[in-house]
Amino acid sequence: SFARLTGTVSTANRGGFIQFRRQLDDPVPADIGGIRLIVRGNGERYFVHLRTTGTLLPWQFYQSGFEAPATWTEVRLPLPTFRASGSLLRATPSASTLTSVGVVAYGRDHEALLDVREIGFY
């Protein structure tokens, strides 16, 4: 089984994203290296958005990107590759403060087709 993210991403009228998100019920170990996904897609660039105890406003997040080829592929996104969406956030997220993980088609006009079989930490 897998989750499928599909649809038209449009930047018209200041739009521009489709996402699914999972709240983290349990604390994440402080010593993780990053986020691990098993994905397949249409060759487009997608993103993982992390929210933390410090991302209080709806438009605040940490972002790292990846390409999704047509075959199932493991993607590893080290925490230091996640960039803050604004200057009010610390430069990179701290694992122990993570509250949710989102998978996002974002920022440009395109057709999204992304399957996600696993999301975890390494």
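A simple rule links phi to the HN-Hα coupling: the Karplus curve 6.51 cos²θ - 1.76 cosθ + 1.60 with θ = phi - 60°, which for region 106-122 gives 8, x, 8, 6, 5, 8, 8, 8, 9, 10, 10, 8, 9, 9, x, 10, 9 Hz, with x for Gly and Pro. In order along region 40-48, the Karplus-derived 3J(HN,Hα) couplings, from 6.51 cos²θ - 1.76 cosθ + 1.60 at θ = phi - 60°, round to 8, x, 10, x, 7, 8, 10, 9, 10 Hz, and Gly and Pro are given as x.
The residue list Val116, Ile35, Val48 was ranked by how far each Cα lies along the charge dipole of the chain toward its positive end, using unit charges on Cβ atoms, and Val48 comes out on top. Relative to the Cα centre, the charge distribution of region 15-122, modelled as +1 at Lys and Arg Cβ and -1 at Asp and Glu Cβ, gives a dipole magnitude of about 220 debye. Rolling a 1.4 Å probe over the protein chains gives Ile119 an accessible area of about 80 Å². With a 1.4 Å probe and all protein chains left in place, how much accessible area per residue does the chain have, in Å²? Accessible surface, normalised per residue, equals 56 Å². With θ taken as phi - 60° and the Karplus curve 6.51 cos²θ - 1.76 cosθ + 1.60 applied, the whole-hertz 3J(HN,Hα) list for region 6-23 is 8, x, 9, 8, 10, 8, 4, 6, 6, x, x, 7, 10, 8, 10, 9, 10, 6 Hz, x standing for glycine and proline.
Just the protein heavy atoms count here, and of the accessible area of the chain at 1.4 Å, carbon and sulfur take up 52 percent. The Rg/Rh ratio for the chain, using Cα coordinates for both the radius of gyration and the Kirkwood hydrodynamic radius, is 0.95.
The values are calculated or read from the model by the stated rules, or taken from the named source; none is laboratory data. None of the values given here were measured: they were computed from a predicted structure. When we count neighbours, we look across all protein chains shown, and the Cβ atoms used for this are built from the backbone with ideal geometry, even at glycine. Calculation scope for accessible area: heavy atoms of the full protein, side chains included, ligands and nucleic acids excluded. Shrake-Rupley method; radii C 1.70, N 1.55, O 1.52, S 1.80 Å.
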